[in-house]
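The values are calculated or read from the model by the stated rules, or taken from the named source; none is laboratory data. The model shown is predicted, which means the values in this text are computed figures rather than measured ones. Because the Cβ atoms are built from the backbone with ideal geometry, glycine has one as well, and the counts that use them run over all protein chains shown. What goes into the accessible areas is simple: the full protein's heavy atoms, side chains included, and nothing from ligands, DNA or RNA. Shrake-Rupley method; radii C 1.70, N 1.55, O 1.52, S 1.80 Å.
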Amino acid sequence: MLAEVLSCFAGRFGRVEPRRAAGQFVTGLLSDLEVKTCWQLAEQAGHARPDAMQRLLYRAVWDADAVRDDLRQLVTDRFGGPDAVLVVDETGDLKKGTHTVGVQRQYTGTAGRIENSQVGVFLGYASAGGHTLIDRRVYLPASWTDDRDRCHAAGVPDETEFATRSQLAADMITAALDAGVPAGWATADEAYGNSAAFRAHLRGHALGYVLAVSRSHLVPLDGGKTRVRADRIAADLPASAWQRRSAGAGSKGPRFYDWAWLDDVCTDADPDDGGRHSLLIRRNTTTGELAFYRCWTPRPTTLAQLVRVAGIRWTVEEAFQAAKSQVGLDQHQVRRWDSWHRFTTLALAALAVLAICAADATDDDPTDTTLIKLTVNEIRRLINACIIRPISDLAHRLHWSGWRRQHQARARQSHYTRRLNLELQP
């Protein structure tokens, strides 16, 4: 499967050197390295210096979006289906300094608070066959797009303007659908569900959705004449309105919740859009905690279908966890626009290897209850044991130890000199 993923985009490289480096880069991301930056990946690949890996991310001629397109096609060829779900979410990486593209003090769910961070918006693809991430966008706050000199220094294209995170998500969904990605649904958390523009965008594509909204979200009732908070609607529901259903299998078995479905609830949309609007409410069977979803479908649907889509949203969280813990999605040490997109695209390629292998492993004997299904963690271990051969040559390891220390000594001296010059300035 590693060879199949690498071959799907090999033709995007006009020269053999970057093509070979890209293959070694993805292989290194799948390795058992603790840190997966250009230095470590170059050492893993047997290079004497990190130059080839750094050139791949900085100066080599190749189109990361074209590689993304090839990966997206490969994934949808394996997992695609008319009931597949496009899943939107974002993740943040904590960063120091101010020069890395998109970095500023902003809220990130990674830390659960406002931190100096970089935020990426991602699109996942999930079906009965499997799930993984298929697209990415780096979020540029207005503090960046309003400062063209800063953007130029980070290699941001001149035509790039400010876009909200929901706009970035809408762009990725449009690109996927325009490319022929088969999907019948979209889902996202309340950061996106609360956006009327995002909901309208999905309806414009006739794409059904189950989008989380906040408890304070105002739901239009009575033809839009009245707007009532979602939690107030839930409080007035009778006991008979709730049905217990599973939102899918979890690590400890079926994930049962109580669900209430207010079918054909009017919204602030065009009443002639031809679809059916509704409000879905989920209640935790243990704590009683509530979650709310705005739903729309271009044709009649069932509660079971909406519950399925709501439950699939968590696949993007699983994908983020696997991408960060297994293939180093958050370990890039790059500052520029192109470099971020290139590193992230290659990380998605490594993640696709694990996702497709995990999906293929479901064909194992289902009657064998002595083993759980292969997880992406276990698949990566097997790839390392059976395919990736660690370099144990002592001379190579000592060479890299000396190279790192020499490079770090030069960097420290340069830093000290710069600080001294600043202190001596009048």
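3J(HN,Hα) couplings calculated from phi for the stretch 207-224 with the Karplus curve 6.51 cos²θ - 1.76 cosθ + 1.60 (θ = phi - 60°) are, in sequence order, 9, x, 9, 10, 10, 5, 10, 6, 5, 8, 4, 8, 9, x, 10, 6, x, x Hz; Gly and Pro show x. Across 376, 61, 309, mean-square fluctuation computed from a Gaussian network of the chain (C-alpha pairs under 10 Å connected) peaks at 61. Taking amide H positions as modeled 1.01 Å from N, with prolines and chain starts lacking one, the residues under 5 Å from residue 109 and 5 or more places away or on another chain are 92. The Rg/Rh ratio for the stretch 5-106 is 1.02, where Rg is the radius of gyration of the alpha carbons and Rh is the Kirkwood radius.
On full extension, the segment bounded by residue 417 and residue 386 gains 6.4 nm, given 0.36 nm per residue less the C-alpha separation.
Kirkwood radius for the chain, taken over all pairs of different Cα atoms as the inverse mean of 1/r, rounds to 23.6 Å. With bins 5 Å wide beginning at 0, the percent of Cα pairs of the stretch 48-161 falling in each bin runs 2, 10, 15, 16, 18, 17, 13, 7, 2, 0.
The HN-Hα couplings worked out from phi for the stretch 112-124 by the Karplus form 6.51 cos²θ - 1.76 cosθ + 1.60 (θ = phi - 60°) are x, 6, 6, 9, 6, 7, 10, 10, x, 9, 10, 10, x Hz, whole numbers, x standing for Gly and Pro. Gap in Å between the Cα centre of the stretch 198-221 and the Cα centre of the stretch 305-349? With the stretch 305-349 and the stretch 198-221 each reduced to a Cα centre, they are spaced 24 Å.
Placing unit charges on each Cβ (+1 for Lys and Arg, -1 for Asp and Glu) gives the stretch 23-165 a dipole about its Cα centre, and among 106, 139, 26 the Cα reaching farthest toward its positive end belongs to 106. Annotation: lysines with alpha-carbon distance below 17 angstrom to residue 36 (same-chain offsets under eight excluded): 95, 324. The distance between label points at residue 35 and residue 10 comes to 3.3 nm (points 7 Å beyond Cα on the Cα→Cβ vector). Of all aspartates and glutamates in the structure, the ones whose alpha carbon falls short of 12 Å from that of residue 373, not counting any fewer than 8 places away in one chain, are 360, 363, 364, 365. Among complete DSSP H helices in the chain, those whose alpha-carbon atoms stretch at least 30 Å along the helix's long axis and whose mean Kyte-Doolittle hydropathy reaches 0.0 are 337-361.
Using a ≥ b ≥ c from the Cα gyration tensor of the stretch 270-426 (square roots of the eigenvalues), is it rounded, prolate or oblate, where a/c under 1.5 gives rounded and otherwise the larger of a/b and b/c decides, a/b for prolate? The shape class here is oblate. At what distance in angstrom do the alpha carbon centres of the stretch 102-130 and the stretch 1-65 lie from each other? Answer, in whole Å: 24.
Compactness of the stretch 200-349 was expressed as the Cα radius of gyration divided by 2.2 N^0.38 Å, which yields 1.28. For residue 13, neighbours were defined as the other residues whose beta-carbon sits under 9 Å from its Cβ, and their charges (Lys and Arg +1, Asp and Glu -1) total +3.
Please sort by residue number the trypsin sites (Lys or Arg not before Pro) in the stretch 22-96 whose DSSP state is loop and whose Cβ has at most 15 other Cβ atoms within 10 Å. Here the sparse-neighbourhood loop sites are 59, 96. Given R0 = 25 Å, the distance between the Cβ atoms of residue 179 and residue 128 translates into a calculated FRET efficiency of 0.75. Rounded to the nearest 500, what is the chain's calculated 222 nm mean residue ellipticity when only DSSP H runs of at least 4 contribute -39500 (n - 2.57) each, over all residues? Result for the chain, helices only: -13500 deg cm²/dmol.
The accessible surface of the chain, taken with every protein chain in place and a 1.4 Å probe, is 50 percent carbon and sulfur. Applying 1/(1 + (r/R0)^6) with R0 = 41 Å to the Cβ-Cβ distance of residue 397 and residue 149 gives a FRET efficiency near 0.45. In straight-distance terms, cross-link reach from residue 225 covers every one of the lysines whose alpha-carbon lies under 22 Å from its own, apart from those fewer than eight places away in the same chain; here that gives an empty set. Computed over protein heavy atoms with a 1.4 Å probe, the accessible surface of the stretch 57-206 works out to 41 Å² per residue.
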